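Step one of this worksheet: look at the structure below.
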Amino acid sequence: MSTETVETIAEAEVVVVGGGPAGAACAARLAELGRDVLVVEKSEFPRDKACGDGITPLCATQLRMLDLDWLVDDAHPITGLRGNLDYRHSRMVRFKRKPVRDWHAYTIGRCPMDDAILGAARERGARLLTARVDRPLLDGDRVTGVRVHSREHGEAVVAARYLVAADGATSRLRRELGVDGPEGGIRTYGIRQYFRTERRLDPCYDIYVPLEHNASGLVGYGWVFPLGDHEANFGLGYVEGPGLGEPGPIREMFAQFVKNLSLRLGERFGDVEPIGKHMGSPVGIGFSSSRCQAGDVFLVGDAARMTDPITGEGIAYALVGGRRIAELVDRTARIGRNGLVAGKDLARRFPRLGMNVASFARVTTQMMNSGGAGGTDGESEQPHNPTVKRLVLNVDPFDPWWSATPVGQLVTSLDEDAARELEAVNHEALDAIDVTAPFVREALAKLLVSGAGPVGAATVLLAARACGGGEEPALRGLARAAAYAPLIEPVLAEVVDSPKDAPEHLNNAGIVLMSDFVLTRAWAAQAGLPLEATRELAEALESTSSGVHMVHEDRYDWTQGTERHLATIDTLSGRLLGTVAGVAASLAGAPELAEPLRRYGRHLACAYRLAAGIVELLVGDDVSAKAPGYEVARGFYSLPVLAAARDADLRRLLVRGLDLDDSSGFIEAVRASGGLEDGLAECRAAAERAKAAVADAPLVRPELLAALADSAVEHAERSIGSATSGEREGQTLAGKT
Amino acid sequence: MTTEGRTPPDVQDGSAGGVLALATAGIAGSPALLDAVTELLLAEPPGLEQRVCLEAAQCGPGPGGELRFQAAAAVALVRVGGQVHDRMAREAREEKDGDRGSGPGGSRSRRRGAGSSVIATALLLNRGLALCAELGGPSLDEYVAVSRQVAEARMEDVEDIFDITRTSERYMTIVDRKEGSLVALGAALGGRSAGADEETVAALREFGRELGMAGQIAADVRDLVAAAESPAHHSVQMQTGVYTLPVIHAIGSDPAIADSLPAMSSDPEEATAFARFAIESGAVRSALAEADRHAGRARAALDAVPGAAGALHLLEELELQSPAVAA
């Protein structure tokens, strides 16, 4: 314990160091939870901060949760993202407008925004002290307070029981706590300045790549984010480290960037005049789940390196992270430090943050300096890798929790214990992606929630309960295996479409490794199962592999017929889901029910897969960024498409190739041909077969299995209904099995 | 490539053919998949893990019988499955270097072929699991744990691409988790299939681990030595940017050279110049010395194990002292 005798000028149960978005959001939530919280901030607010000022949908949602609707409603709406290559080529991607009132994105200046968030915390009861925090005061790993320096009191102490470090990218507390571990020699910087433009600005985020210095490409980008019709935030950010090019002085690079914009894109901006001075800052990139907590000290926001390593965005992470850390502090205060650690919790919620930035930056640098250009092929200006493009560059809010999926909601409505188990399996499955290879964690987490993972796990948990069990420890491993195994197909499917000139290290190798990873995770999850069950599962996994091959053999084949299509589904998914359902029955102490459960699982898989075909065609999937008709465009035809392909006009559409930006005509043609009804009828028939398979079985809770089978049909019906009414479901449909 | 005209492989043959027979036994109804699997399995010579498995089966009281072939096939499938990404990288490079003018049909067909290979990988890995399930619980648990470790270590290799700050400790850890643990698995499963007691199995496992590590270091040295002889052999590690022990040692002797390494990915002549520097600087010799240390530990591990002559012979085949490598 500290023996220094300086004045204690304040005390609080929780001291939050830093009044930026992370600290203020944390303080606001702590105050809501009834905790005595003091924010210690070194600057007088309002104060300015180097930032791009971009506000994502997730960020806007968080601001509204703080009752800052007025701030969002007054913000400048952004309608798209324009990628600019070499100041010569550009491509605009329009954002979807959100169904209620929010635009997809906004810009808000940091000065008013940070002031408003801190104000929201104070309105909720958080106190504020203006002082610089020099170091934590600890008794072992127990917090006693912080040593501060204020203009009014000089050196002083603020007593506290818990400490939240939200003191930014240059966090003094992080260093003092010794959690400022190696980052692979990586440093990230950003600089920005406001400008007034002569020409009216397009309401889009403009991104400029490649960023170069001395003819060498740097990992980073320049930006122009409009804050109004004639006012914009100009800036650039880049990553620096061994083997990552040679950046010049940041101010010189920024001046050159602004000059390039004027010289080469004069028509877009006209004359530009600076408003105020430029402002630069390090950026907090390099999150590690093991460096977010030290005893009762919690780190959040830039102090925990919670900046998006791809986009450089940090406000949404700060707001969500701040809120979550507040809840963990509250939990720790109530029940002690014997539960969840902060890093693991944040890593589950934000799977992208933990990627190895150094590795990503090295490969990107190599691509840029060996003939490519900023990760694009120079012709279409698209990222090389469909997986990267679709799964990773999709920065929409992403919720990795299965409880939000339809099947998760069904389980919740059916059985509370099963819902709790499903959540535990969800967490374990996310934790098992314990690698830092770029994109892997995020891509797999997205596939886990948008694919058939939740369906497989739910089948295991509900089948066991239907047979009178449910408490057996081995069930969790089986459920995890059932969640991982269906990922084999989407992971492998990506590699076939890789463009021929794509850099192999980011494409094929990474995806193949992901497939190994998925398989070995699926295997490892089975540890503890009886040998016979493992044998059965191994054979089922073999069947899944063969099924993947059948799917690819049938690609672009509209003559395959219903019978072959159903056989493929059975090989791909039926055998697997049937096996896990049967094993679940045995584990639940009812081996006599294993056989009917096996049959049930096979038909259930068929029903879910057929439903998924309808859902993918009509509404797509937001999490994995699949537009309606995405699979059809890639030559994977679901049953409605095969049925509709009896029509010669529709076949011609298929041959021409589906335009994903305008798939509505094709979808209408499928609807008009009766293909949807045919697909739905097969789905219903499969669900009925599933229920019939266990109709005579002496189940303890047969209603669980019936509800699961019916839910497949409901997914399909709902998507047909929503597509008819012109709405798109905004959530994941876990319908693929 | 098709399977037409090939002599059906003999299961009792410890070579690729035997593995092929066991690996493809479950494939039915898809000639394309059978072709893809066959091509994968025959593209590479039998690996150390497979050979050590069969030799280790001589160290137990029983002959091992059919089980030892099953064990050998199972461990080989982990390696062969894992080699697909190397093969795809190679194909992508060949296509990039020499086939830019080909029409879209040709490229698409090749991509689809590559896709078949990847799907075949999943099948191979799952087939390996099914084969291993016949060997009993402890073997299956070990197989699953090692396969997972190997997959993770491959990921780590990918993370280290173009990392000029990679340390020899990091390299050794990955080699241990990848080649070391896989060959150790082969040795352990071979011993168990012949009914060896757990003490002998542990010694065989230790032998396999050290043999695997020595073998990998030697392979990495060979890659560099071949590049030093002529730019016609573009060093694989230079191309892929996954730098191995001799390269790491060479960087240690002249750190200024590190910055130019990533550019050698597409410049065989520069890679040759670097390889020559690595030999002259003593980096190759020091890497070989490290391999030799592991070979010594491998030999020591089998001191008290009867019937180990065949396994020990595998060490000699590494040719750590051969003039071609040590030059």
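Of the residues making up the range A:624-661, those that are buried (at least 17 other Cβ atoms within 10 Å of the Cβ) and among the basic types (Lys, Arg) are A:LYS626, A:ARG634. Any residue in the range A:6-23 that's part of a loop (DSSP other than H, G, I, E, B): show its pairings with residues that are of a type in the set (Phe, Trp, Tyr) at Cβ separation under 8 Å, as long as the two are six or more apart or on different chains. Partner pairs satisfying both residue conditions: A:GLY19/A:PHE45. Residue selection: A:SER43 fails the criterion of being touching a Lys or Arg at 6+ places or on another chain (Cβ under 6 Å), among the polar types (S, T, N, Q) and open to solvent by 10 Å² or more (accessible area, probe 1.4 Å). Residues of the range B:248-295 that are of a type in the set (D, E, K, R), assigned to a helix (DSSP H, G or I) and within 14 Å of chain A (Cβ to nearest Cβ): B:ASP259, B:GLU270.
In the range A:534-571, which residues are part of a helix (DSSP H, G or I), of a type in the set (A, V, I, L, M, F, W, C) and away from every other protein chain (no Cβ under 11 Å)? If you could, list the steps in order and put the result at the bottom.
As a first pass, look at the range A:534-571 and keep what is part of a helix (DSSP H, G or I): A:534-553, A:561-571.
From what's left, of a type in the set (A, V, I, L, M, F, W, C): A:537-538, A:540-541, A:548, A:550-551, A:566-567, A:569.
A:LEU566, A:ILE569 - these are the residues of the range A:534-571 that are part of a helix (DSSP H, G or I), of a type in the set (A, V, I, L, M, F, W, C) and away from every other protein chain (no Cβ under 11 Å).
Of the helices (runs of 4 or more DSSP H) lying entirely inside the range B:22-119, those containing at least 1 residues that are modelled with pLDDT under 65 are B:84-98.
The set of residues in the range B:145-159 being β-branched (Val, Ile, Thr) and open to solvent by 20 Å² or more (accessible area, probe 1.4 Å) consists of B:VAL158 alone. Screening the candidates A:ARG122, A:ARG132, A:ARG127, A:ARG175 for the property of being more than 27 Å from the chain's Cα centre (by Cα), at pLDDT below 95, open to solvent by 50 Å² or more (accessible area, probe 1.4 Å) and not aromatic (Phe, Trp, Tyr) yields one hit, A:ARG175.
Meeting the requirement of 3 or more residues that are at pLDDT 90 or above, the strands (runs of 3 or more DSSP E) wholly within the range A:72-116 are A:76-78.
Answer yes or no as to whether A:ALA594 is open to solvent by less than 40 Å² (accessible area, probe 1.4 Å), aliphatic (A, V, I, L, M) and free of Cβ contacts under 8 Å to residues at least 60 places away in the same chain.
Details: open to solvent by less than 40 Å² (accessible area, probe 1.4 Å): yes; aliphatic (A, V, I, L, M): yes; free of Cβ contacts under 8 Å to residues at least 60 places away in the same chain: yes.
Judged against the criteria, A:ALA594 is a match.
Only a single criterion out of (1) open to solvent by 20 Å² or more (accessible area, probe 1.4 Å); (2) under 13 Å from A:ALA716 (Cα atoms); (3) modelled with pLDDT of 95 or more is not satisfied by A:TYR608, namely (1). Output the residues belonging to the range B:302-318 that are within 16 Å of B:GLY212 (Cβ to Cβ) and open to solvent by 20 Å² or more (accessible area, probe 1.4 Å). Selection gives B:LEU312, B:HIS313, B:GLU316, B:GLU317.
Restricting B:ALA203, B:ALA184, B:ALA226 to those that are in a helix (DSSP H, G or I) and within 17 Å of the chain's Cα centre (by Cα) reduces the list to B:ALA184.
Determine, yes or no, whether A:GLY456 is open to solvent by 10 Å² or more (accessible area, probe 1.4 Å) and over 20 Å from the mean Cα position of the chain (by Cα).
Values: open to solvent by 10 Å² or more (accessible area, probe 1.4 Å): no; over 20 Å from the mean Cα position of the chain (by Cα): yes.
No.
Going by the conditions given, is A:ARG599 assigned to a loop (DSSP other than H, G, I, E, B) and open to solvent by 40 Å² or more (accessible area, probe 1.4 Å)?
Answer is no for this residue.
State whether one or more residues within the range A:213-223 are closer than 30 Å to A:ALA326 by Cβ and of a type in the set (Phe, Trp, Tyr). Before the answer, list the steps.
Of the range A:213-223, the ones closer than 30 Å to A:ALA326 by Cβ are none.
No, there is no match, as no residue in the range A:213-223 is closer than 30 Å to A:ALA326 by Cβ and of a type in the set (Phe, Trp, Tyr).
I want to confirm something. Restricting to the range A:314-368 and keeping residues that are away from chain B (no Cβ under 14 Å) and modelled with pLDDT under 85, which single residue is surrounded by the fewest Cβ atoms within 10 Å (Cβ to Cβ)? Among those that are away from chain B (no Cβ under 14 Å) and modelled with pLDDT under 85, it is A:ASN338.
Report, by residue number, each residue of the range A:226-265 that is assigned to a strand (DSSP E or B) and either in contact with a Pro (Cβ under 9 Å, 6 or more places away or on another chain) or open to solvent by 20 Å² or more (accessible area, probe 1.4 Å) (or both).
Matches in the range A:226-265: A:PRO226, A:GLU231, A:ALA232, A:ASN233, A:PHE234, A:TYR238, A:VAL239, A:GLU240.
Testing B:PHE162 on (1) assigned to a helix (DSSP H, G or I); (2) surrounded by 22 or more Cβ atoms within 10 Å (Cβ to Cβ), one condition comes back false. Which one is that? All conditions are met except number (1). Can you find a residue that is more than 20 Å from A:GLU542 (Cα to Cα) and without any contact (Cβ under 8 Å) to a residue 60 or more places away in the chain anywhere in the range A:476-490? Yes, the conditions are met somewhere in the range A:476-490. Criterion applied to A:VAL632, A:VAL670, A:VAL655, A:VAL583 was being within 26 Å of A:LEU708 (Cβ to Cβ) and not basic (Lys, Arg), and the one residue passing it is A:VAL583.
With respect to (1) crowded, with 22+ Cβ neighbours inside 10 Å; (2) over 29 Å from the mean Cα position of the chain (by Cα), the lone exception for A:ASN214 is condition (1).
The values are calculated or read from the model by the stated rules, or taken from the named source; none is laboratory data. Values in this document were obtained by computation on a predicted structure and should not be read as measured data. Don't worry about glycine lacking a Cβ; one is built from the backbone with ideal geometry, like all the others, and counts go over all protein chains shown. When the accessible area is computed, the model is the full protein with side chains, heavy atoms only, and any ligands, DNA or RNA have been set aside. Shrake-Rupley method; radii C 1.70, N 1.55, O 1.52, S 1.80 Å.
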